[in-house]
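S.K.: Here you go, one structure.
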Amino acid sequence: MAFSLRQLQYFVAIVERGSISSAAQALSISQSTVTEALRGLEIDLGFPLVERHARGVAPTLKGHQFLAHARRILADVADARRAIRGESAVLKGRLALGVTPLVAGYVLADLLARFRRAFPDVDVQTVEDNGDYLEHLLVGGELDVAVMVLAPGRSSSALQIEVVEISPYRVWLPLGHAATTEERVSLRDLATEPHVLLTIDEIAEASEVVWRRLGIRPPVAFRTRSVEAVRSLVATGTGVAILPDLTYRPWSLEGDKIEARGVAEDLPAIQVATAWRRGSPLSAAAAGFVSVAATRQAARR
């Protein structure tokens with residue numbers, strides 16, 4: 001491959017800034033120079049890196065995958081330059097991180113472990129809250145970056161978003177339930193079954209949207225903010241539940257078995273994404289965290 005470091009720098013700036021014009025402004029070069037560099041990089045790689053929309057550009061699937069490699073290449077080059085100059089390559093400082101509840105329970109520990117292995121001298125301070133409040137903190141500059149669950153259709157012109165994990169919904173059933181004989185379960189077949197609803201990260205709202213679309217209204221046995229409560233209630237036969245796959249574990253705390261099956265209806269998967277204030281350059285610590293988050297899913301596979 002013949003792409004240059006400058007092309008990689010321009011590509012990363014385009015994604016982080018959300019538009020070619022903003023990247024050009026941040027780099028203090030002409031917009032045409034950035035456009036030509038991007039076009040040359042796409043030709044060299046053989047696939048488009050970004051797609052244009054009304055508010056600017058967003059990385060394609062392959063562009064998102066290549067972004068992690070581009071950041072690593074640039075970071076390695078920067079480390080090599082520092083080493084040759086006799087400078088310390090150790091990243092220090094503070095990272096103010098926000099997470100939504102599901103992220104705190106099922107993603108955060110692994111993310112922090114990976115980040116601390118890569119950047120042990122960065123002090124991470126974490127806040128857990130709902131997505132709207134984290135957006136308020138990001139826009140106000142009180143957080144450097146957040147990892148949040150994005151409800152289907154959720155977007156914000158104030159934030160730069162990078163999806164790092166996609167998790168489809170599945171139906172949770174107690175052991176021996178009649179629907180466990182099916183590979184995929186229709187929510188219509190569960191219309192008279194009591195449901196247990198998880199009321200964090202807009203999970204319950206997703207179920208209710210589909211119910212309205214199907215014209216059904218199952219009875220609600222319980223609403224809770226605890227995934228473990230949902231697990232126990234489903235396992236003991238109190239009701240069924242519809243939850244993202246990232247939360248699934250086959251056993252409750254009491255040791256009862258839970259079965260999970262796919263949903264027959266079109267229920268949009270949730271997305272876990274890193275987010276930061278659009279138009280605001282990432283600190284070195286935040287950029288390192290975003291890179292770690294972007295490569296986490298590939299590393300787990």
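S.K.: Based on the alpha-carbon set only, what is the convex hull volume of the chain divided per residue, in Å³? Spell out each step's value before the answer.
M.R.: Numbers: hull volume 45.7 nm³, N = 301.
Taking the convex hull of the Cα positions in the chain, it is 152 Å³ per residue.
S.K.: How much FRET efficiency would the formula 1/(1 + (r/R0)^6) give for THR180 and ALA2, where r is the Cβ-Cβ distance and R0 is 41 Å, rounded to 0.05?
M.R.: Between THR180 and ALA2 the formula returns 0.15.
S.K.: Shifting gears a bit: Expressed in nm to one decimal, what extension gain is obtained for the pair ARG217 and HIS136 from 0.36 nm per residue of sequence separation less their Cα-Cα distance?
M.R.: Net length gain for the segment: 25.8 nm.
S.K.: Would you mind calculating the relative contact order of the range 1-120 from Cα pairs under 8 angstrom and at least 6 residues apart, reporting the percent as a whole number?
M.R.: In percent, rounded to a whole number, it is 21.
S.K.: May I pose another question? Any idea which of GLY237, THR180, TYR169 is furthest toward the positive side of the dipole for the range 169-268, if Lys and Arg beta-carbons carry +1 and Asp and Glu beta-carbons -1?
M.R.: GLY237
S.K.: Which net charge results for the neighbourhood of HIS136, defined as the other residues with beta-carbon distances under 10 angstrom from its beta-carbon, given Lys and Arg at +1 and Asp and Glu at -1? Intermediate values should be presented prior to the final figure.
M.R.: Values: positive: none; negative: ASP129, ASP132, GLU135, GLU142.
Taking every other residue near HIS136 into account, the sum is -4.
S.K.: If we sort 225-235, 284-294, 28-38 on the protection proxy, mean other Cβ atoms within 10 Å, highest first, what's the order?
M.R.: Packing order, densest peptide first, comes out as 284-294, 225-235, 28-38.
S.K.: Taking a spot 7 Å from the Cα of THR60 along the direction of its beta carbon, which residues of the range 16-48 have an amide N less than 15 Å from it?
M.R.: It comes to 38-48, nothing else.
S.K.: Report the full-extension gain for the segment ALA191 to THR236: residue separation times 0.36 nm, less the Cα-Cα distance, to one decimal in nm.
M.R.: Here the answer is 14.3 nm.
S.K.: Turning to a different aspect of this structure: When the chain is treated as a GNM, springs tying every alpha-carbon pair under 10 Å, which of THR192, THR247, THR100 comes out with the largest mean-square fluctuation?
M.R.: THR192
S.K.: Between VAL263 and residues 5 or more places away or on another chain, which pairs have amide H atoms under 5 Å apart, with H built 1.01 Å from N, and which residues are they?
M.R.: Residues meeting the criterion, in which the H sits 1.01 Å from N, are VAL171, VAL185.
S.K.: Can you tell me what the convex hull of the Cα atoms of the range 169-268 projects to on average, as an area in nm²?
M.R.: Result: a mean projected hull area of 5.5 nm².
S.K.: Net charge around ILE258, counting only other residues with Cβ within less than 13 Å of its Cβ (Lys, Arg = +1; Asp, Glu = -1)?
M.R.: Neighbour charge sum, excluding ILE258 itself: 0.
S.K.: A follow-up question, please. Under the rule of -39500 (n - 2.57) per DSSP H run of 4 or more residues, summed and divided by the residues of the chain, what mean residue ellipticity at 222 nm is obtained, to the nearest 500 deg cm²/dmol?
M.R.: Numbers: 10 runs with 125 residues, N = 301.
Result for the chain: -13000 deg cm²/dmol, rounded to the nearest 500.
S.K.: Using every alpha carbon pair in the range 5-85, what percent of pairs falls into each 5 Å bin from 0 up to the bin containing the largest distance?
M.R.: P(r) for the range 5-85, in whole percents per bin: 3, 16, 26, 25, 17, 8, 4, 1, 0.
S.K.: To test your reading of the geometry: what angle, between 0 and 90 degrees and rounded to tens, separates the Cα axis of helix 203-214 from the longest principal axis of the chain?
M.R.: It is inclined by approximately 60 degrees.
S.K.: Can you pull the one-decimal nm distance between simple spin-label points at ALA26 and ALA151, each 7 Å off the Cα toward Cβ?
M.R.: 2.9
S.K.: Please give the Cα centre distance for the range 248-301 versus the range 36-55, rounded to the nearest Å.
M.R.: 27
S.K.: For LEU150, which sequence-distant residues (separation of 5 or more, or a different chain) have an amide H within less than 5 Å of its own amide H, given hydrogens modelled in the peptide plane?
M.R.: It is GLN271, VAL272, ALA273, by chain and number.
Values quoted throughout were computed directly from the atomic coordinates according to the rules given, and no laboratory measurement underlies them. Quick caveat, the model's predicted, so the values are computed rather than measured. Quick reminder, even Gly has a Cβ in these numbers, built from the backbone with ideal geometry, and neighbours come from all protein chains shown.
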